[in-house]
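Asker: Attaching a single structure in structure tokens format; questions to follow.
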Amino acid sequence: MSLRAVKGMKDILPDEISNWHRLENAFRNRVEGYGFREVRFPIVEPTALFVRSIGETTDIVEKEMYTFTDRGDKSLTLRPEGTASAVRAYVQHSVQAREPVTKWYYIGPMYRRERPAKGRYRQFYQAGIEVFGDPGPYVDAEVIDMVVGFIASLGISEVEVLVNSIGGPETREKYRDALLGYLTPYRTELCPDCQRRMDANPLRVLDCKVPRCAEIAAGAPSILKHLTDDDRAHFDGLQETLTILGTPYRVDGSLVRGLDYYSRTLFEVLGKGEGLGAQNALLGGGRYDQMVKSLDGPDTPAIGFAMGLERLLMAMSEAVTESHVDVFIVAAQAGVRGQATLLGRELRDAGLRVESDLRGGSLKSQLRRADKIDARIAMILGESEVEEGVVQLKDLKNKTQEQVPRADAAARIHALLSD
Ligand code: ATP
Ligand code: MG
């Protein structure tokens, strides 16, 4: 049996990588423009971090984590998301003592043992941000506007922006009773997980993907009617600011997301174009004002979101396959391969991306290779060129050829490329 990648985990081969780079660079540029700085944390964390922050009754903790024992007796887990690690790092390094507001972003792989499907993998990539220390609601509107603008800049035009508020602990305490009152007559119709959730955390029932549970959840009373005055004012402030910014959005009172730690603002951006299939959530985010404290940090409000990069790539219309080479050096005879190698180094020092086939081969096969990898220029070097101190430049796009002094080659190539 030949070895294959783990089910639900994909290789990203070099042919696909230019789209990834484009997406990641665009994300970096966008968020750095808002003052976010990159943070990198370990891929493996103590299991307790996720159990305590994401919550015991969530799908992630109940069914999806890759948890293992570290030879000795420590339970470790491959990170299923980034926020828990961000909070752990924020607390561990006492970041609040150095800055009143902290803005971090991250990009990296996450691990969840879900049923693989189109747009759903067991290793997938997220790009996300976290803001610590600002209670909102202006910053809530700003990050939503930032990410909506980012998605539009990728050429993804058909999206729906959903916002909701689930209030703070006081609101949720009141709502819990109303929700239980509604759910109790349906108890036996709910899936076994939801029956347990009714006791542990009834809000979770609203996020269940089992069809009958979703049907029942659709009729549940809205949490928006139960917001305290402060929570209501916060949510109004968010909406007013989104309106000032001209960010399109729709209030969806049934939006609760799969992690326990959220409070007040919640949002999701759904892609509506084809290509995404059933997995149409491009990103999810929200405020988690109690989490830093619950992980033994200072009482610090926070908000963040995470986007699925595979799903964004699926929604991006034009795939770009950029050439990774400017110049392909062709050595016409075996005797000039040393000079060709030296020339390659000189051109790279002049800022060009250079490839060659150092195994040699016929002139024809080398030119075919230059074409195949989409090099813009083929530079041909033979014995007579070496003697005369010149090179032949073949512009493979415009189908022209010229001879230039070797010393001028780099400058001439730069000129041809910028045409
Ligand atoms: P879903 O409802 O699709 O399961 P989620 O609510 O579990 O999503 P979050 O935990 O909020 O998702 O993660 C944020 C984003 O990460 C999602 O909107 C999605 O784009 C992406 N994502 C989540 N799980 C996966 C996965 N298994 N494979 C690919 N992308 C994923
Ligand atoms: Mg999920």
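The values are calculated or read from the model by the stated rules, or taken from the named source; none is laboratory data. The shown structure was predicted, so the numbers you read here are calculated from the model rather than taken from an experiment. Note that each Cβ is placed from the backbone with ideal geometry, even for glycine, and that neighbours are counted across all protein chains shown.
Asker: Mind telling me which of the residues P169, P100, P137 ends up being more than 16 Å from ligand 1 (Cβ to nearest atom) and modelled with pLDDT under 95?
Answerer: Within the list P169, P100, P137, the selection yields P169.
Asker: What single numbered condition from (1) more than 30 Å from E160 (Cβ to Cβ); (2) without any contact (Cβ under 8 Å) to a residue 60 or more places away in the chain fails to hold for H324?
Answerer: Only one criterion in (1) more than 30 Å from E160 (Cβ to Cβ); (2) without any contact (Cβ under 8 Å) to a residue 60 or more places away in the chain is unmet by H324, namely (2).
Asker: Of the numbered conditions (1) away from ligand 2 (no atom under 16 Å from the Cβ); (2) in a strand (DSSP E or B); (3) closer than 30 Å to M198 by Cβ, V292 fails exactly one; give the number of that condition.
Answerer: (2)
Asker: Another question about this same structure. E142 is checked against (1) crowded, with 22+ Cβ neighbours inside 10 Å; (2) in a helix (DSSP H, G or I) and fails just one. What number does that condition carry?
Answerer: All conditions are met except number (1).
Asker: Related question: Criterion first (acidic (D, E), away from ligand 1 (no atom under 14 Å from the Cβ) and over 19 Å from the mean Cα position of the chain (by Cα)) does D145 satisfy it?
Answerer: In short, no.
Asker: Give the residue that is surrounded by the most Cβ atoms within 10 Å (Cβ to Cβ), with candidates limited to residues of the stretch 353-396 that are over 17 Å from Q333 (Cβ atoms) and of a type in the set (V, I, T).
Answerer: The extreme case among them is I377.
Asker: Now for a separate question. Taking the stretch 397-408, which residues are surrounded by 14 or more Cβ atoms within 10 Å (Cβ to Cβ) and under 17 Å from V336 (Cα atoms)?
Answerer: Across the stretch 397-408, the qualifying residue is only R406.
Asker: Strands (runs of 3 or more DSSP E) wholly in the stretch 20-109 with at least 1 residues that are of a type in the set (D, E, K, R) and in contact (Cβ under 8 Å) with a residue 24 or more places away in the chain - which ones?
Answerer: 44-46
Asker: Could you tell me which numbered condition Q96 fails, if it satisfies all but one of (1) away from ligand 2 (no atom under 14 Å from the Cβ); (2) under 24 Å from the mean Cα position of the chain (by Cα)?
Answerer: The one condition Q96 does not meet is (2).
Asker: Same structure again: Kindly evaluate K63 against the criterion of being within 12 Å of ligand 1 (Cβ to nearest atom) and surrounded by fewer than 16 Cβ atoms within 10 Å (Cβ to Cβ).
Answerer: Yes, satisfied.
Asker: In the stretch 110-134, what count of residues is obtained for those that are away from ligand 1 (no atom under 11 Å from the Cβ) and in a strand (DSSP E or B)?
Answerer: Selection size over the stretch 110-134: 4.
Asker: While we're on this one: From L309, L347, grab the single residue that is within 16 Å of ligand 2 (Cβ to nearest atom), touching a strand residue (DSSP E or B) at 6+ places or on another chain (Cβ under 8 Å) and among the aliphatic types (A, V, I, L, M).
Answerer: Just one listed residue meets the conditions, L309.
Asker: Just checking, which of T69, T58, T77 is within 12 Å of ligand 1 (Cβ to nearest atom) and of a type in the set (S, T, N, Q)?
Answerer: One residue alone meets the criteria, T58.
Asker: I would also like to ask the following. Suppose the filter is more than 30 Å from S356 (Cα to Cα) and either surrounded by 14 or more Cβ atoms within 10 Å (Cβ to Cβ) or not aliphatic (A, V, I, L, M) (or both); does G338 pass it?
Answerer: So G338 does not fit the description; no.
Asker: Give the stretch 270-287 a look and list any residue that's part of a loop (DSSP other than H, G, I, E, B) and either surrounded by fewer than 16 Cβ atoms within 10 Å (Cβ to Cβ) or more than 12 Å from ligand 1 (Cβ to nearest atom) (or both), or say none.
Answerer: K272, G273, E274, G275, G277, A278, listed by residue number.
Asker: Being of a type in the set (D, E) and assigned to a loop (DSSP other than H, G, I, E, B) is the filter here, so list the residues in the stretch 215-254 that pass it.
Answerer: Correct list: D252 only.
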